[in-house]
1. Would the stretch 169-180 turn up any residue that is outside any strand (DSSP E or B), within 11 Å of ligand 1 (Cβ to nearest atom) and touching a Lys or Arg at 6+ places or on another chain (Cβ under 6 Å)?
2. Residue by residue through the stretch 254-300, note down the ones that are away from ligand 2 (no atom under 15 Å from the Cβ), open to solvent by 70 Å² or more (accessible area, probe 1.4 Å) and either at positive phi or assigned to a loop (DSSP other than H, G, I, E, B) (or both).
3. Among the residues of the stretch 227-253, write down those that are under 16 Å from residue 201 (Cβ atoms) and either among the charged types (D, E, K, R) or more than 23 Å from the chain's Cα centre (by Cα) (or both).
4. Where in the stretch 195-253 are there strands (runs of 3 or more DSSP E), lying fully within it, with 2 or more residues that are touching a residue at least 60 places away in the same chain (Cβ under 8 Å)?
5. Among the residues of the stretch 4-25, which ones are within 13 Å of ligand 1 (Cβ to nearest atom) and closer than 15 Å to residue 125 by Cα?
6. For the stretch 440-471, give me the residue count where each residue is among the hydroxyl-bearing types (Ser, Thr, Tyr) and open to solvent by 20 Å² or more (accessible area, probe 1.4 Å).
7. So how many residues does the stretch 110-166 have that are touching a residue at least 24 places away in the same chain (Cβ under 8 Å), open to solvent by 50 Å² or more (accessible area, probe 1.4 Å) and at positive phi?
Amino acid sequence: ASAYEEKDLVIIGGGVAGYVAAIKAGQEGMKVTCIEKRGTLGGTCLNVGCIPSKSLLNNSHLYHQILHDTKKRGIEVGEVNLNLTQFMKAKDDAVSGLTKGVEFLLKKNGVEYIKGTGTFVDEHEIKVALNDGGETSVRGKNILIATGSEATPFPGLEIDEKRVITSTGAIALEEIPKTMTVIGGGIIGLEMASVWSRLGTKVTVVEFLGQIGGPGMDAEIAKATQKLLKKQGMDFKLNTKVVSGDKSGELVKLEVDAAKGGKPETIESDVVLVAIGRRPYTGGLGIENIGMELDDRGRVIIDSEYRTKIPHIRCVGDVTFGPMLAHKAEEEAVAVVEFIKKGYGHVNYGVIPSVMYTYPEVAWVGQTEQDLKDQKIPFRVGTFPFSANSRAKTNLDTDGMVKMIADPETDRLLGVHIIGPNAGEMIAEGALALEYGASTEDIARTCHAHPTLAEAFKEAAMATHSKAIHF
Ligand code: FAD
Ligand code: NAI
């Protein structure tokens, strides 16, 4: 990199937001530099988030199923052993394959990739402390902040990623703990609790609110999810707040307080997973050097075109507003490049699906009943249980349901909430329907192949405006 060549776009952060923007800008013929300090591309998602967690979820589910769910299928297995080293290697291989793939894509699209930490010198110049030592600097006509997020720490309980861990430690434990307490029953908490519980750890989830699943999960679905996870062996303490922690002894101690007048309690476990949310990350970025402001939650403030108060410096992904999801970051990355290049771009924040990859999966898109009640918007609900779906029956996998919410006057679909096998794939149909402004009758009149789980989606649509056939 040369200090004298001004790039069309300099991107700080090579996570999903940063690398997707880099590829898109390259495709648009822009001269692009992407600065990433991790040593590999793909950010939290590819390195320590979405990808490794899904590898562990998939393979731990398979293991658990082989142990507990083969007899009734007429399959008799002999001795089953877990090789944790190979189990982790399968995850590492998925990660390295994908991160290298991203590096190849940047090259293919003519993006300059610098491994180092970027810091603002002024509104156009970024100084980079190179990972291999030394320093360089780049100038950009446009600059994109895509520095992502980090786990929110629990006050007074130092993270060592061995006994007191975040999700980063939870995807890399070297042995199976006997006991684990999870602080926070949100998505990270429940996905990681699922992995270790399936491998044999006794897991207790402590959640401050009266409902698991974190923000946005439909209350009825959250309750059903909790019941199924409990059946798998997880313990839950809801309406319970962790007040303090102490890891000086052999076991990690947590003092918890029941929110509704219960008595305080001490929980001891081998490992404590802190999963109380994530916070925007701007450390080392030198935003103070350009007088940039953050809001009270540490997010970079932007307008509807992703511009900070310095218009040629824009920002997308976890470090700014909105749900901290990889596909949201990806949509924004494409849109921000379109704004820079063409002056227009678009993300529909009303149609961003959420998926929790537990077993069964939980997925939703659009509005919840609670959202609509709060806004005093009338709605109609239709549900269809997987126990009445032929494919779920043949699969011996009938827990869960599809729930649809529609406008009672126009029948326009307002929200879809699914708990069940393959909910994460099925929700794409809900997103498409919402994006196109479909009515539940439109969905019901669309021919769905038989026998598929997707027929439950169609029948829930039937149930929303009329009657399902099979229930
Ligand atoms: P990040 O991915 O955090 O990337 C930011 C990058 O910027 C980082 O690599 C960082 O090293 C780099 N950086 C920061 N500062 C600098 C600097 N000054 N100079 C150079 N580089 C810098 N989302 C989903 O949609 N689906 C999932 O299944 C899912 N699973 C998850 C599981 C876990 C355990 C976790 C923790 C998260 C998960 N997420 C999931 C969320 C997802 O990972 C994030 O929403 C996504 O990574 C956000 O992308 P980003 O590019 O904004 O930020
Ligand atoms: P979260 O916000 O989803 O859940 C945190 C939970 O912790 C909340 O339910 C909250 O009430 C609870 N909590 C907070 N303080 C507490 C305390 N002192 N005691 C007990 N409970 C407490 O955050 P989480 O699970 O850490 O995940 C962060 C983000 O990462 C998610 O919001 C999501 O955006 C992303 N993510 C997405 C995944 C996916 O899409 N499948 C998977 C994993 C993460």
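1. no
2. Passing the criteria: 261, 263, 293, 296.
3. So the first thing to find is which residues in the stretch 227-253 are under 16 Å from residue 201 (Cβ atoms), and the list is 229-230, 232-236, 251-252.
Of everything in the stretch 227-253, those that are under 16 Å from residue 201 (Cβ atoms) and either among the charged types (D, E, K, R) or more than 23 Å from the chain's Cα centre (by Cα) (or both) turn out to be 230, 233, 235, 251, 252.
4. Numbers: elements: 202-206, 235-237, 240-246.
Strands (runs of 3 or more DSSP E) meeting the threshold: 202-206, 240-246.
5. Those that are within 13 Å of ligand 1 (Cβ to nearest atom) and closer than 15 Å to residue 125 by Cα: 10, 11, 12.
6. 3
7. Residues meeting the conditions: 2.
Rundown of residues vs (1) assigned to a helix (DSSP H, G or I); (2) crowded, with 18+ Cβ neighbours inside 10 Å, yes/no style:
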{"position": "41", "(1), (2)": "no, yes"}
{"position": "44", "(1), (2)": "yes, yes"}
{"position": "54", "(1), (2)": "yes, no"}
{"position": "75", "(1), (2)": "no, no"}
{"position": "79", "(1), (2)": "no, no"}
{"position": "82", "(1), (2)": "no, no"}
{"position": "91", "(1), (2)": "yes, yes"}
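The values are calculated or read from the model by the stated rules, or taken from the named source; none is laboratory data. Computed from a predicted model, the values in this text were never measured in an experiment. Note: ideal-geometry Cβ built from the backbone for every residue, glycine included; neighbour counts use all protein chains shown. Accessible surface areas use protein heavy atoms only, side chains included; no ligands, DNA or RNA. Shrake-Rupley method; radii C 1.70, N 1.55, O 1.52, S 1.80 Å.
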